[in-house]
Amino acid sequence: MASLNVGNLGEYLREQRRTAQLSLRQLADAAGVSNPYLSQIERGLRKPSAEVLQQVAKALRISAETLYVRAGILDEKEREELETRAVILADPSINERQKQVLLQIYDSFRKENLAEAVAVAKAEAAAKAEAAGADVPAAAAPDAESPSR
């Protein structure tokens with residue numbers, strides 16, 4: 001999980017609020033938080049909860065996941081995965097069964113790509129170790145008996 005970066009979050013919130021042409025008081029009212037509390041968040045003095053960030057995102061009509069990333073609650077890859085899932089689940093042109101099938105396929109592709117990336121990283125580490133004259137750990141070395149794809 002990323003580290004908390006409240007100052008960056010506050011600056012981003014202020015920028016989004018100004019872009020939406022809302023006063024601090026208007027945004028606080030729309031998000032259901034106090035004006036002083038929102039001001040402290042914008043100045044980087046407070047660490048808002050995920051619930052508060054969700055309320056603020058809804059009031060600003062922006063992605064809550066984007067605020068979670070800015071706050072360090074969620075990393076960028078997690079945000080992208082959640083947004084992809086949300087788009088699939090929100091699509092009114094496909095039924096629930098189709099949505100679940102799409103999500104299963106998406107998950108299987110992600111697992112396959114992760115396994116492939118791990119295999120490539122192991123092979124690269126083994127090649128570097130071999131080039132340096134070091135012993136190659138058994139886990140990193142390709143198994144001569146197993147067939148390759």
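The values are calculated or read from the model by the stated rules, or taken from the named source; none is laboratory data. These numbers were taken from a predicted model, which means no experiment stands behind them. When we count neighbours, we look across all protein chains shown, and the Cβ atoms used for this are built from the backbone with ideal geometry, even at glycine. In case anyone asks, the SASA skips ligands and DNA or RNA and just uses the protein heavy atoms, side chains included. Shrake-Rupley method; radii C 1.70, N 1.55, O 1.52, S 1.80 Å.
Based on C-alpha coordinates, I'd like the Rg and Dmax of region 1-101, in Å.
Expressed in Å, the Cα Rg and Dmax of region 1-101 come to 15.2, 46.
Take the Cα pairs of region 97-136, get the Kirkwood Rh, then feed it into Stokes-Einstein at 4 °C and 1.567 mPa s and tell me D in µm²/s.
107
Please give, to one decimal in nm, the separation of the simple spin-label points placed at residue 26 and residue 110, each 7 Å out from Cα toward the Cβ.
Between residue 26 and residue 110, the label points sit 3.7 nm apart.
At 1.4 Å probe size, put 66, 84, 19 in order of accessible surface, largest to smallest. Present the calculation step by step, with values, prior to reporting the outcome.
Working: 66 35, 84 55, 19 105 Å².
Sorted descending by solvent-accessible area, the residues read 19, 84, 66.
Tally Lys and Arg at +1 and Asp and Glu at -1 over the other residues with C-beta under 14 Å from the C-beta of residue 23: what net charge comes out? Could the numbers behind the result be given before it?
On the way: positive: 14, 17, 18, 25; negative: 29, 42.
Here the charged neighbours net out to +2.
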